[in-house]
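Just so you know, all these numbers are worked out from the coordinates, no wet-lab data involved. Source: prediction; values computed, not measured. Counting neighbours? That spans all protein chains shown, and the Cβs are built from the backbone with ideal geometry, glycine included.
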Amino acid sequence: MTFDDQEYLNRYPFIERVLISSEEIQKRIRQLGNEISNDYKDSTPIFVCILKGAYPFLADLTRCVSVDHEVDFMAVSSYDGGTQSTGVVKIEKDLKSNITNRDVILVEDIIDTGLTIDNLMELLQTRNPRSIRVASLLDKKPARTKEVPLHYVGFEIPKEFVIGYGLDYDEKYRNLPFIGIMKG
Ligand code: IMP
């Protein structure tokens, strides 16, 4: 059974409002899929889904991509070496694919400070891919502390905590088809 955005709002009164509706998300993903298909006409890119939050985006995005491609999965956690998060990533689950000489598209749910994706890109560069680009559904630009090149961005959002479409609060609500803001 699936529910539309309004039904979810009725079920979950703690959601203050819908920031980006499911319809807007799907429309934007179709545009990104076309853009990526044009950019990778002569290549077979590997889409690397950064778990857990990027799984719905990966699924919908790759269904809008018309060039041959592969998918792989990676899970990382921000390693806290002391009292402050350094942004250094620890690999919880590594890729199965060899990315040497391959075109890699990292698929992320959200770029917040930018530390995680910056460190991850640095780490993957040591494996000598032909190229690495980032596709992120959301860009929380006002929270950025590390500038990172983002090639494909769905939406820029304000510095608010959002849930849904892969993004969790306490591991829940990833299944919401829209991006919502929780009541403070
Ligand atoms: P960054 O290293 O600060 O860019 O961290 C990005 C990660 O933080 C994302 O992959 C999310 O897992 C998490 N995150 C950042 N902002 C939000 C949010 O608004 N809702 C849920 N998770 C978030």
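Computed over neighbours whose Cβ is under 15 Å from that of residue 43, the net charge equals -2, Lys and Arg +1, Asp and Glu -1. For a straight C-alpha distance cut-off of 28 angstrom, the lysines reachable from residue 159 (same-chain residues fewer than eight places away being disregarded) are 27, 52, 90, 140, 141, 146, 172, 183. Sites listed here are GluC sites (Glu not before Pro) in segment 83-184 whose DSSP assignment is loop and whose Cβ has at most 15 other Cβ atoms within 10 Å: 147, 160, 171.
Ordering 132, 179 from the fewest to the most neighbouring beta carbons within 10 Å gives 132, 179.
Other residues within the sphere of radius under 11 Å centred on the Cβ of residue 152, judged by their own Cβ, net out at -2 (K and R +1, D and E -1).
Rounded to the nearest 20 Debye, what is the dipole magnitude of the chain about its Cα centre when Lys and Arg each give +1 and Asp and Glu each give -1 at the C-beta?
In debye, rounded to 20, the chain gives about 120.
With the Cα gyration tensor of the chain giving a ≥ b ≥ c as the square roots of its eigenvalues, does the rule (a/c under 1.5 for rounded; else a/b larger than b/c for prolate; else oblate) give rounded, prolate or oblate? Verdict is oblate for the chain.
Using the Karplus relation 6.51 cos²θ - 1.76 cosθ + 1.60 with θ = phi - 60°, the per-residue 3J(HN,Hα) values for segment 108-124 come to 10, 7, 8, 10, 9, 5, x, 5, 4, 5, 5, 5, 5, 5, 4, 5, 6 Hz, with x marking Gly and Pro.
Annotation: extensible slack from residue 70 through residue 27 equals 13.2 nm (criterion: 0.36 nm per residue apart, minus Cα-Cα distance). Taking a point 7 Å out from the Cα of residue 78 in the direction of its Cβ, the residues of segment 144-166 whose backbone N falls within less than 19 Å of it are 144-150, 157-164, 166. The lysines within cross-link reach of residue 41, meaning a Cα-to-Cα straight distance under 19 Å and a gap of 8 or more places when in the same chain, come to none at all.
With neighbours defined as other Cβ atoms within 10 Å of a residue's Cβ, the residues 39, 118 order from fewest to most as 39, 118. Highest-first packing order for the peptide set 125-131, 71-77 is 71-77, 125-131, based on the mean count of other beta carbon atoms within 10 Å.
Close amide-amide hydrogen proximity is noted between residue 106 and 48, 133, 134, 135, each under 5 Å apart and 5 or more residues distant or on a separate chain (H modeled in the peptide plane; Pro and chain starts excluded). Other residues with beta-carbon under 9 Å from the beta-carbon of residue 100 carry, at +1 per Lys or Arg and -1 per Asp or Glu, a net charge of +3.
Simple rule: put +1 on each Lys or Arg Cβ and -1 on each Asp or Glu Cβ in the chain, find the dipole, and look at 163, 32, 120; the Cα lying farthest toward the positive end is 120.
Legend: calculated FRET efficiency, residue 14 to residue 63, from the Cβ-Cβ distance at R0 = 30 Å, rounded to 0.05, equals 0.45.
Centre-to-centre, using Cα atoms only, segment 7-59 and segment 109-184 are separated by 11 Å.
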